[in-house]
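Data block below; observations after.
The values are calculated or read from the model by the stated rules, or taken from the named source; none is laboratory data. From a predicted model like this one, the values you see are computed outputs, not experimental measurements. Heads up, the Cβs are rebuilt from the backbone with ideal geometry, glycines too, and the neighbour counts pull from every protein chain shown. Side chains are part of the model used for accessible areas, which takes the heavy atoms of the whole protein and leaves out ligands, DNA and RNA. Shrake-Rupley method; radii C 1.70, N 1.55, O 1.52, S 1.80 Å.
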2 protein chains.
Amino acid sequence: MRDFSQDHRWLSINTATVRKQRGADWPLLQILDACAARGIRAVAPWRDQVAAAGLQATAQRLKTHGLELSGYCRGGMFTYTDAASRQATRDDNRRALDEACTLGAPCLVLVVGGLPGALGGKAAHRDIAGAREQVTEGIAALLDDARARRMPLAIEPLHPMYAADRACINTLEQALDVCDVLDAQRSGALGVAIDVYHLWWDPKLQEQIARAGPGPAGQRSRLLALHVCDWLTPTTDLLNDRGMMGDGVIDIARIRGWVEAQGYRGYSEVEIFSAAHWWQQEGGVVLDTCIERHRRCV
Amino acid sequence: MRDFSQDHRWLSINTATVRKQRGADWPLLQILDACAARGIRAVAPWRDQVAAAGLQATAQRLKTHGLELSGYCRGGMFTYTDAASRQATRDDNRRALDEACTLGAPCLVLVVGGLPGALGGKAAHRDIAGAREQVTEGIAALLDDARARRMPLAIEPLHPMYAADRACINTLEQALDVCDVLDAQRSGALGVAIDVYHLWWDPKLQEQIARAGPGPAGQRSRLLALHVCDWLTPTTDLLNDRGMMGDGVIDIARIRGWVEAQGYRGYSEVEIFSAAHWWQQEGGVVLDTCIERHRRCV
């Protein structure tokens, strides 16, 4: 297992972590400047932040700083109620793939969607099994587009508390089942993003991380990304109360050890949504804290 | 599958559902009176409510009304940091068993505990695997006491969002694994409580419910209780924002169908924690709503 205590070479900042400072939007290009100034080598930007900054301007700034991406957030939201919304989602996901290519991302992260309409407060139906079928179908279609662009897709299983409204893929086992169906040959085009916040509780996590690894035959690993933050007790909001590494109950280093045991040597990407705390701080202070905690708690 | 649309014979009220009315505690004996007045045949009382009303007074009132129990809430909280707290928990669980016997409960429901200290906001450690070992050990010890009293234990897997602070058994598969270790012979002394709120999201739920059933050899089923309520979108509080059946996204009838396909013929127990809504209403109105929704949405 790599020693992270001496430097922050393998730290990446998901830009949602600092999307606000002192409660107001922090523009993406300024975030990139602040990361580069601290020797942070990688980021994972969100599409809405890229759109606000401009795709080409973002690509140029990344290049200027020599910043890599650890992933691009995000595609997905595959569930639909009619042919028009299905097509609109597919078109939008193709644009996300193109953006990921422009930015040089190693993968497009997929948040697959829940019951259609639930995110707006009114689910169109209660058929989660049907939603899951739509997700598999949607990933299958996008996989053709992704292969054509040589852009890997990383399915991110979300915590079961988001099953209704954000993602009906909720365990690593389930995500890997989908991978096995759609990419049995382990081509490298389809894999998973491991987010400790979503998966830390799972009694089968170690076993399933091993399943995602290359295996004895030396196939391609499905482990495309590692996201870190922490689970606070109490957690006061289902979406925007994630903790800084070390402030909660997740044994992050243990999980990273499982991932690295499968050969993962990529970035450890900090992704924190924290409306009441971190988004109220100075952005530079948050980045400095990420660096310190990455060394000590990841 | 039984037809619930014509009457409420198989409705049970978990007394947490009406623990408050208009924001103030509703005494348990009054709750029992209100249930009996509506032809409700069963309840599942909480220990703190029984303690406040008096154990003997509660037993007497149940008898007066001919009310059955669908379960007794709750034992568990097995995780510990020292020998003294471990012993105190075991003693307390023995008392819970005795109370369950006095009240004529069909089972003692177990909420197994999370990381020690986490419920108070400060977890003693981050070793969830270790906590799970303590839980298995605690259930094993209590099982001896339970067998001596002929009082079945029902492990209730809680939603993964409670893994840190309330219960580190979070899927039905995991609960059944514990059952298989501790009661391989399926004696009937150990089983599970299925709560749709905790388990609805699980892609393996149908399969694991079938596993809990009697099987082709006709062994004892592990399905000891069925709890119902609903998952709201959005959910605004991790603990006390459960919905009334029909107000959320859970296909309750589908899950009940899976449970009944395994021979379950017990009560459907309504357990709703709702600080902002139902606990602010008149208790009788809540009970009437439970009756109506039980017929229409369960």
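Overview of results
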{"quantity": "For segment A:103-126, residues shielded by at least 30 square angstrom of accessible area compared with the chain on its own, probe 1.4 Å", "calculated": "A:Gly121, A:Arg126"}
{"quantity": "For segment B:72-118, the spread of Cα positions along each principal axis, largest first, Å", "calculated": "33, 18, 9"}
{"quantity": "Cut-off 20 Å (backbone N to label point 7 Å along Cα→Cβ of B:Asp127), residues of segment A:185-223", "calculated": "A:200-207"}
{"quantity": "List of segment A:220-240 residues, accessible area with partners at least 50 Å² below that of the chain alone (1.4 Å probe)", "calculated": "A:Thr233, A:Leu238"}
{"quantity": "Dipole of the protein assembly as shown [Lys/Arg +1, Asp/Glu -1 at C-beta], most positive-end residue of B:Thr236, A:Leu11, A:Leu239", "calculated": "A:Leu11"}
{"quantity": "Convex hull per residue volume in Å³, alpha carbons only, for segment B:161-231", "calculated": "94"}
{"quantity": "Estimated FRET transfer efficiency (B:Asp92, A:Thr81; beta-carbon r; R0 60 Å; 0.05)", "calculated": "0.75"}
{"quantity": "Sparsely packed trypsin sites (Lys or Arg not before Pro) within segment B:213-290, loop by DSSP, other Cβ within 10 Å at most 12", "calculated": "B:Arg265"}
{"quantity": "Other-chain or far-sequence residues with amide H under 5 Å of B:Glu68's (modelled H)", "calculated": "B:Ala42, B:Val43"}
{"quantity": "Whole-number D in µm² s⁻¹ for segment B:25-72, Kirkwood Cα-pair radius fed into Stokes-Einstein, 37 °C, 0.692 mPa s", "calculated": "313"}
{"quantity": "Heavy atoms of B:Glu207 accessible to a 1.4 Å probe, total area in Å² rounded to 10", "calculated": "100"}
{"quantity": "Mean accessible surface per residue for segment A:1-91, computed with a 1.4 Å probe while every protein chain stays in place, in Å²", "calculated": "46"}
{"quantity": "Where Rh is the Kirkwood radius over Cα pairs, Rg/Rh for segment B:144-185", "calculated": "1.05"}
{"quantity": "Carbon plus sulfur fraction of accessible area for segment A:99-212, probe 1.4 Å, in percent", "calculated": "49"}
{"quantity": "Part-to-part distance (alpha-carbon centres) for segment A:107-168 and segment A:229-298, which is given in Å", "calculated": "24"}
{"quantity": "Sulfur and carbon atoms: percent of accessible area, segment A:1-62 [1.4 Å]", "calculated": "51"}
{"quantity": "Accessible surface buried once B binds A (1.4 Å probe; total of both sides; Å²)", "calculated": "2700"}
{"quantity": "FRET efficiency estimate (nearest 0.05) - Cβ-Cβ, A:Thr236 to B:Glu137, R0 41 angstrom", "calculated": "0.80"}
{"quantity": "Cα-based radius of gyration of segment A:249-298 once divided by 2.2 N^0.38 Å, which approximates compact folds", "calculated": "1.32"}
{"quantity": "Cβ-vector label at 7 Å, B:Pro214, separations to other copies in nm", "calculated": "5.2"}
{"quantity": "Amide hydrogen neighbours beyond the local backbone of A:Leu11, cut-off 5 Å, H modeled", "calculated": "A:Arg41, A:Ser268"}
{"quantity": "Prolate/oblate/rounded label for segment B:192-298 (Cα gyration tensor, a/c 1.5)", "calculated": "prolate"}
{"quantity": "List of segment B:195-213 residues, accessible area with partners at least 10 Å² below that of the chain alone (1.4 Å probe)", "calculated": "B:Trp200, B:Trp201, B:Pro203, B:Lys204"}
{"quantity": "Calculated FRET efficiency for the pair A:Ala275/A:Gln56, C-beta based, R₀ 35 Å, to 0.05", "calculated": "0.70"}
{"quantity": "HN-Hα J in Hz across segment B:125-137 - Karplus 6.51, -1.76, 1.60, θ = phi - 60°, x for Gly and Pro", "calculated": "6, 10, 8, 5, 5, x, 4, 5, 5, 4, 5, 4, 4"}
{"quantity": "Cα-only Debye scattering, segment B:115-155: base-10 log of I(q)/I(0) at q = 0.14, 0.26, 0.31 Å⁻¹", "calculated": "-0.43, -0.83, -0.96"}
{"quantity": "Lys/Arg +1, Asp/Glu -1 at C-beta; segment A:1-117 dipole; positive extreme among A:Gly39, A:Leu28, A:Ser85", "calculated": "A:Gly39"}
{"quantity": "Simple Cβ-charge dipole of chain A, Lys/Arg +1 and Asp/Glu -1, about Cα centre, in debye nearest 20", "calculated": "580"}
{"quantity": "20 °C / 1.002 mPa s Stokes-Einstein diffusion coefficient of segment B:30-183, Kirkwood radius on C-alpha pairs, µm²/s", "calculated": "132"}
{"quantity": "Trypsin sites (Lys or Arg not before Pro) within segment B:92-136: DSSP coil, no more than 11 neighbouring Cβ in 10 Å", "calculated": "B:Lys122"}
{"quantity": "Chain A: relative contact order as a whole-number percent, Cα under 8 Å and 6+ apart", "calculated": "21"}
{"quantity": "Share of Cα-Cα pairs in chain B lying beyond 26 Å, as whole percent", "calculated": "42"}
{"quantity": "Per principal axis, descending, Cα span of segment B:1-99 in whole Å", "calculated": "52, 34, 28"}
{"quantity": "Expected-Rg normalisation [2.2 N^0.38 Å, Cα atoms] applied to the protein assembly as shown", "calculated": "1.01"}
